[in-house]
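Q: Here it is, the structure, as structure tokens.
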Amino acid sequence: MQEPIGREELFSYFADSVVPEEQRRVGLEWEKEAVNLAGQRLPFDGDRGIEALLKGLVEDFGWAPGYEQDRLVSLRRDGEALTLEPGSQLEFASAPRRRLVDLEIDLRRHLTELQQVTSEWEVRFLSTAFSPLQDCEDIKLVPKQRYQIMDDYLRPRGALAHEMMRGSTSVQVAFDYHSLSDCAHKLEAALQLSPVVTALLANSPLRQGQPNGFLSYRSRCWQLTDPERTGLLAGLGTNEYTAEAYLDWALKVPMMFMKVDGQMVAAKGLSFGRWLVDGLEGRFPSMADFELHLTSLFPEVRLKSYIELRGADNGTLERILAVAALWKGLLYDRFALGDSRELGAELAAGVGSAGGDAAMAVAIRDGLKGKVGGRSLQLWAAELLDIAAEGLIHQAPDGPAELAYLAPLQELVDSGRCPASLLLDSGVASMAPDELLSAIAYPPVQEIPAVSPEAGMVTS
């Protein structure tokens, strides 16, 4: 019989997750979609579908398969994972790494493996953050219990929830915290500065072949997806960025699902806090239930046993790595973290009572051209990059060599154009489908210049 848990045990989940500074790592999650030459998402089924792609990775590259209801839906290998988002988007999760070059090696190897398995397929892996041509209503869900429950729960609670599930792809970066106060400081900086990062990396301007009115339509979808579990955590309260405040928030959010006898079932809106106190049909939650609940919360910055930053659109390989470099510079040097908190406080003061959601609304619509607190987001981003660069320089021995990973973001800031603006400027909205897909697909890995010579030596 399992031991009952209470709020104290749940708080200990965060408190016991602290990592000594000398052991801290960076993890990266990269979502991308695979489409055919007409821009339609590869189906899960079929000889050249997503399940067949996963089988090819198992056979050719030594991945360990994971099944649900006898269907292959996930892979594991040496601390890495490859899982499926609701619409069969592929999500690669790196092992935690100390050096950015190791993340670059991981990403290049992963893309190489995808391209080798599908070398005889008519397939493109896209570097934008929202399906540019296909109507999301035509994209089928992966056969996972979790996703059907999510779809049923979220559709009535957000006008674009179904498009978020089926059409969006992002880049997420994970960081350790070495104390609860360090956790609070990182949460504070990351939440307040997320609109700037979203503006800088906005890369989803198309929907069904036409401009959608936003530079980050992916973020727009999240704005219209169940406000109880998304956004910038305004519900934590003014200047309340602690793990304790996050726990209080998480306990109030209704659960979408729970596991009963190994099967995922709908939770019917019961909050975890109520389940903790009252139980359900004589059953009380375990720590595993709590960890599952945490995966159903989708704020821009998510707290688990690490801090996950979720505000960047998918992009080119060098921009994906730049996201990791940016946050590493901001969060893993104490002086840079202090400067980041000051910049975040300045931004928060600039938007005033309108709050961070108002800044995010500007960011996703206007990108770097948008104005927040009397300044363009281009200027906010320029200052952010300066802080990140100084932060990397202080992170010897690897940090100074990692400055090169920030270069793609510096180019965006200098131009005043986010990736979506550059795409629209190139005329993608008037391109034929095959031309559009060629413009936004990842090229063969050997044609992508490596940031680090060490990473360039790795092809598989």
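The values are calculated or read from the model by the stated rules, or taken from the named source; none is laboratory data. From a predicted model like this one, the values you see are computed outputs, not experimental measurements. Please note: Cβ atoms are built from the backbone with ideal geometry, for glycine as well, and neighbour counts cover all protein chains shown.
Q: State whether the residues of the stretch 359-367 include one that is modelled with pLDDT of 95 or more and on the phi > 0 side of the Ramachandran plot.
A: Yes: the stretch 359-367 contains one or more residues that are modelled with pLDDT of 95 or more and on the phi > 0 side of the Ramachandran plot.
Q: Would you mention how many residues in the stretch 423-439 are surrounded by fewer than 19 Cβ atoms within 10 Å (Cβ to Cβ) and either within 22 Å of the chain's Cα centre (by Cα) or polar (S, T, N, Q) (or both)?
A: Total meeting the criteria: 3.
Q: Scanning for something in contact (Cβ under 8 Å) with a residue 12 or more places away in the chain, outside any helix (DSSP H, G or I) and within 22 Å of the chain's Cα centre (by Cα), does the stretch 369-387 turn up at least one residue?
A: Scanning the stretch 369-387 turns up no residue that is in contact (Cβ under 8 Å) with a residue 12 or more places away in the chain, outside any helix (DSSP H, G or I) and within 22 Å of the chain's Cα centre (by Cα).
Q: Out of the stretch 57-89, which residues are touching a strand residue (DSSP E or B) at 6+ places or on another chain (Cβ under 6 Å), under 21 Å from MET150 (Cβ atoms) and part of a strand (DSSP E or B)?
A: GLY66, LEU72, VAL73, SER74, ALA81, LEU82, THR83, LEU84
Q: Just checking, how many residues over the stretch 322-346 are touching a strand residue (DSSP E or B) at 6+ places or on another chain (Cβ under 8 Å) and either more than 17 Å from TYR241 (Cβ to Cβ) or surrounded by fewer than 23 Cβ atoms within 10 Å (Cβ to Cβ) (or both)?
A: 4
Q: Checking ALA312 against (1) in contact with a strand residue (DSSP E or B) (Cβ under 9 Å, 6 or more places away or on another chain); (2) buried (at least 19 other Cβ atoms within 10 Å of the Cβ); (3) within 22 Å of LEU247 (Cα to Cα); (4) touching a residue at least 60 places away in the same chain (Cβ under 8 Å), which test does it fail?
A: Every condition holds for ALA312 apart from (3).
Q: Next question, about the same structure. Please state which one of LEU54, LEU28 is touching a strand residue (DSSP E or B) at 6+ places or on another chain (Cβ under 7 Å), among the hydrophobic types (A, V, I, L, M, F, W, C), part of a helix (DSSP H, G or I) and touching a residue at least 24 places away in the same chain (Cβ under 8 Å).
A: Matching residue, one of LEU54, LEU28: LEU54.
Q: Suppose we filter ARG207, ARG229, ARG220 for residues that are over 30 Å from SER426 (Cα atoms), of a type in the set (D, E, K, R), surrounded by 15 or more Cβ atoms within 10 Å (Cβ to Cβ) and at pLDDT 95 or above; which single one remains?
A: On the way: ARG207 fails: over 30 Å from SER426 (Cα atoms); ARG220 fails: over 30 Å from SER426 (Cα atoms).
Every option except ARG229 fails the conditions.
Q: Also: Can you pull out every residue in the stretch 138-152 that is outside any helix (DSSP H, G or I) and out of contact with any helix residue (DSSP H, G or I) (no Cβ under 6 Å at 6 or more places or on another chain)?
A: Hits for the stretch 138-152 are LYS140, VAL142, PRO143, LYS144.
Q: I need the full set of residues from the stretch 118-132 which are outside any loop (DSSP other than H, G, I, E, B) and surrounded by fewer than 20 Cβ atoms within 10 Å (Cβ to Cβ), in order please.
A: The initial filter retains those residues of the stretch 118-132 that are outside any loop (DSSP other than H, G, I, E, B), namely 124-126, 130.
Residue satisfying the conditions is PHE125 alone.
So that you can scan it fast, the table gives a plain yes or no per residue for (1) under 16 Å from GLU300 (Cβ atoms); (2) not acidic (Asp, Glu):
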{"position": "TRP327", "(1), (2)": "yes, yes"}
{"position": "ALA336", "(1), (2)": "no, yes"}
{"position": "ALA354", "(1), (2)": "no, yes"}
{"position": "GLY367", "(1), (2)": "no, yes"}
{"position": "ASP386", "(1), (2)": "no, no"}
{"position": "GLY391", "(1), (2)": "no, yes"}
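Q: Moving on to the next point. For the stretch 176-234, which positions are among the aliphatic types (A, V, I, L, M) and outside any helix (DSSP H, G or I)?
A: If the condition is that a residue be among the aliphatic types (A, V, I, L, M) and outside any helix (DSSP H, G or I), then ALA202, LEU206, LEU215, LEU224, LEU232, LEU233 are the ones that fit.
Q: What is the residue count in the stretch 63-102 for residues that are buried (at least 17 other Cβ atoms within 10 Å of the Cβ), acidic (Asp, Glu) and out of contact with any helix residue (DSSP H, G or I) (no Cβ under 8 Å at 6 or more places or on another chain)?
A: Matching residues across the stretch 63-102 total 2.
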